[in-house]
Each structure stands twice: as structure tokens, then as C-alpha cells.
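Read-outs throughout are calculated quantities, based only on the coordinates presented, and are distinct from any laboratory measurement. Note that the structure is a prediction, hence the values are computed from the model and not measured. Reconstructed Cβ throughout: ideal geometry from the backbone, glycine too, with neighbour counts over all protein chains shown.
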């Protein structure tokens, strides 16, 4: 798992059925790498969140058949980015 | 998941049966990394698309046994590449 | 698998149900890359641990449906970081 | 998926039973990264091939229990390496 | 799959039950990246071996529920590291 920061929402109107209506968040690592995660917890922009990949990501969603490979699975209480 | 740009179609006449007749797109990341995805949505060249890897990619296809490890799962409404 | 060093605990009060109450450790590679693992063995800060990813990570947990993609699966007896 | 070039065969006489007698090819990316794939299509040296990873690689093989994590799944009709 | 060189054994006395008593080898890539693999073939230090990741790694083990994400699946007859 990794700790990433929520920087935006992703609007993706045209999507495959397997993605359902799940919320999508744009995340950024401390090194500036950008990725997109499904969000079952409602994490606001600015928060540092814990994310999981692959099958673990699907186990984080209310419906484990949701077509995701990266999901937010928690909001970190306190995170100090490396200086 | 990641947001990548469609830059071309891939023609691959000789292929294994598991790949069926699915459309293949050449994608490029903002950093210039090139990959190939199966495309169940018909994404045109130039569009920024959301892609998923691994088992999630197969869940994006009409037939989940399609032999893919990267699939387009949505067309992003608006994407601003990092400057 | 990889050998990483435990550098901290991760406090994540708000989490998805699939993560249960498992202990989370912040790990660092010799190159300084930071990640987060579930810890079924109780590895103390400072120790070098063996970690596994993906489905293997879940097989390391007492409950294999734990939503993790990185788990500590052993404490290395002796590890000499590269000079 | 990715497009890689076949540069050699790999001879591996002593192997685990799960690998059977499948043909193995040494592949190289445009950036020079070397990997090894199982080859169900008989791709000759010099060709640019489409490869898939993980479970998708096994779905490309005649026997989906073949112990592979990278398989050639097609021969690309035409590929122009980036200049 | 990849070709890596065995450089050491890994002693890991305290381990999760899923790892059983399998032999662990420290491997190094030509670029110097270090990883740890389960070894069902008994590969001696110095040999170049073929390794597989993920579910394929488990299919290489006598017991496919072994908690590994990297397994040696063959000993390469001859390997010439890039100059």
C-alpha cells in the first residue's frame, strides 16, 4: 500500500458498465506521480490517503466486482511528507 | 488507474485466440511511455482515457475472459496535462 | 519478495471494513522508497523484514480476505544494506 | 500490454514442471530492458510482438495453467520504434 | 519473466505459516536490483535463473498455496550479461 494525496476529482461521464457510478479521485505521490483511484470513503481534496492496488482494491469497494485497480482504503490521521 | 492519451491504433493480424477481435489502441503517458490497451468504448485518437490494469482490465471488457492486462474504461471529460 | 526496513507505525483511524483492525507499518527500501504493509508478525521499528505483494500478501494474513497488497511475511535474521 | 522485440531464444533445460516444454523468447524494449516471455505463436527473432502480463499471459497459452507471467499474444504488423 | 543471478541465501527464522519451510534465495539483476525468491529447484549461488512473479510464482511451487510472489522456475543454460 502507499500513501498519496488527493488533489482533484476526476470527471469521466462516458465509462464502461463495470465502473458503475463510483467516485474517482486524482491522487499524487510525494514524487509528483499522478494516478486515479476509486473512492469508497469520500476523501476530500488535500487529504493523505492509504491506497491499495489490484485485487485488494476491489476488496475495498462495497461491490468487489467494481472494475478498479486502485482504491482508497483509509484516510491517514497524520502524514509528514519527506523534506 | 491512470490517464493516458490515445495516439494510434495497433494492427495485429496474427494473434492468439484469447485476444479475439478486440480493438487495440496505442497509448502514451504524459512522460512519453507507450503502452497498448484493449478498447471496449471506441476512444478516438487524441482523447485522454482512463485505463485499468490486470484483472480490472478484463472486468472492463464485454467478455471478462478476454486476454488483456490493460483496458480503456472511460473517456475523461477534461484533462490538463501537467505543464 | 523484497527486504525492507520498518521505520514507523501508520495510524489510520478511518478505514474501509475490509482492512479490519490490522496493524500497519511504514516501510522503507534501501533506496528510500516508502510503502505501507499489513503486519501479522508484530515487527518492531528498525527491523529488516521480508514482504510479499498482491495475492501472496493476503495469504500471509490470518484472514486471507484482508484487503492488503503488501504484507510482512517474516523478520530477516541478518541483513547488511548495500554500501 | 506492450510492444517488445524478439532478440533471442532462451534455453532453460532444468525447469519446474509447471513450465512444461513451452518455448521461451528473450525480448527487449525500445529502452533496452530485457525480459523473457512464453511464446504460443512462434515469433521469430527480430519481430516486434505484443505481450501481456500476469493472468492475461496465462490466458494466452493453450494450457492456462502454464506457469508464466509474460506471454507473446500477437505479432505486430508494423512498428516504428520512436526516433 | 526475468533472468536474475543468485547471490546468497536468505535466513528468515521467524516467518508466517504460509511461507512454510521453503528455501529463500537473494537474487540480483544485471542492474543491481536485489529481490528475494522462493526456490523449488535448488539453485546454487552464482547461477543465472529464470524467475516468475505473482500467481505464476505460486504455480512454480510444489504447493501452489505457498505465500510467494517471486519464484525460481528454471536454471538458464547460458546467460551473457549485457556488456
> Taking Cα pairs under 8 Å and at least six residues apart, what relative contact order does chain E come out at, in percent?
Replying inline: 31 percent
> So what are chain D's ellipsoid semi-axes, whole angstrom, largest first, if each one is the square root of 5 times an eigenvalue of the alpha-carbon gyration tensor?
Replying inline: 22, 13, 10
> In bins 10 Å wide, starting from 0, what share of all Cα pairs of segment C:37-83 does each bin hold, as a percent?
Replying inline: 30, 47, 21, 3
> Can you list, shortest first and in nm, the gaps between the label point of residue A:9 and those of its counterparts in the other copies, using a point 7 Å from Cα in the C-beta direction?
Replying inline: 3.6, 3.6, 5.8, 5.8
>> Roughly how far apart, in whole Å, are the Cα centres of segment A:1-28 and segment B:25-50?
In response: 17 Å
> Can you give me the pair-distance distribution of the protein assembly as shown, C-alpha pairs, 10 Å bins, whole percents?
Replying inline: 5, 22, 31, 29, 13, 1
> Tell me, how many Å apart are the Cα centres for segment A:52-83 and for segment D:64-79?
Replying inline: 30 Å
> At residue A:11 and residue E:30, where each label point lies 7 Å from the Cα along Cα→Cβ, what is the point-to-point distance in nanometres?
Replying inline: 4.8 nm
> Do the sum for chain A: with -39,500 (n - 2.57) for every DSSP H run of n ≥ 4, divided by all residues, what is the mean residue ellipticity at 222 nm, to the nearest 500 deg cm²/dmol?
Replying inline: -1500 deg cm²/dmol
> What does the convex hull of the Cα atoms of segment D:2-48 come to per residue, in Å³, rounded to a whole number?
Replying inline: 83 Å³
>> Consider the operator that turns chain D into chain B: which D residue has a Cβ nearest its axis, and what is that gap in Å?
In response: D:54, 5
>> Can you list the copy-to-copy distances for residue A:46, using a point 7 angstrom from Cα toward Cβ, in nanometres, shortest first?
In response: 3.8, 3.8, 6.2, 6.2
>> With both bridge residues required to lie in chain A, what share of the DSSP beta bridges run antiparallel, to the nearest 5%?
In response: 95 percent
> Inter-copy label distances at residue D:81, 7 Å along the Cα→beta-carbon direction, one decimal in nm, shortest first?
Replying inline: 2.3, 2.3, 3.8, 3.8
